[in-house]
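One structure below.
The values are calculated or read from the model by the stated rules, or taken from the named source; none is laboratory data. No experiment lies behind these values; they were computed from the predicted model shown. Every residue, glycine among them, receives a Cβ derived from its backbone with ideal geometry; neighbour counts consider all protein chains shown. What goes into the accessible areas is simple: the full protein's heavy atoms, side chains included, and nothing from ligands, DNA or RNA. Shrake-Rupley method; radii C 1.70, N 1.55, O 1.52, S 1.80 Å.
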Amino acid sequence: GHAIGMAKLSPVSQVASLHMQIIGRSKPIRQFTNELDKVARVDAPLLITGESGTGKELAARTIHAGSVRWDGPIIAVNCAELSPTLIHAELFGYERGAFTGAQKRKHGYLEQASGGTIFLDEVGDLPIELQILLLRFLQESTIRRVGGTSDIHVDARVIAATHVNLRMAVQDNRFREDLFHRLNVLHVHVPPLRERSGDIEQLAHYYLEKFSD
């Protein structure tokens, strides 16, 4: 009983269980999982690219589970789904009375991820003014809540993901070049299924067994 409990708590167990969700034995998927293992060991910002639906969040969770932060939180945020008027407060938090309806202090997603990982999906959809604040966080590891007057230290690894070509977005002045370089310290690309057609039969069997219950 104790051995099973310890195994469940170990990062190796977590990584193995997440790897099992990455279905496939093709060469592209084996290379991909090897890359995940490598970047998990380096505590630096990471950019995950790939088409919609290829499993970027699963990749981020696998990386977190294999990192030194495995016992900390992982907070996943879809930047494209956040309200443009509330995205600042959602990411950075706010103080009581900062705006109408702010009846008590709230910790933002970045602060909630302290000691662990913040996963920013569709980071290419962040407004320019928020890109500046995110860049400052990456440089100084501090945030300031909306309505706040002091900086707060936050120790969180940033993993960002996008299906947008950020290099093109930089050229079109839709994404800050300095932020792109800060996020792109490490990089992995999730291969689409058409590049790993040998995995289709295994995927079919996996879903057949899963949904037959």
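Observations on the model:
- When only alpha carbons are used to place a centre, the stretch 24-75 and the stretch 110-161 end up 20 Å from one another.
- Label-point separation in nm, ALA98 to ALA204, each point 7 Å along Cα→Cβ: 5.2 nm
- Within the accessible area of the stretch 119-213 (1.4 Å probe), percent carbon and sulfur: 49 percent
- In the context of the full set of protein chains, residues of the chain present 56 Å² of accessible surface per residue (probe radius 1.4 Å, heavy atoms only).
- From the coordinates shown, percent of Cα pairs over 26 Å apart corresponds to which of (i) 41; (ii) 44; (iii) 54: (i)
- Taken along the Cα-to-beta-carbon direction at a fixed 7 Å, the label points for ASP71 and ILE128 span 4.5 nm.
- Full-stretch length increase - ASN165, ASP178 - with 0.36 nm per residue and alpha-carbon distance subtracted: 3.1 nm
- Where labels lie 7 Å past Cα in the beta-carbon direction, separation of THR142 and ASP155 in nm: 1.7 nm
- A straight chain from SER197 to HIS2 at 0.36 nm per residue would run longer than the Cα-Cα distance by 66.0 nm.
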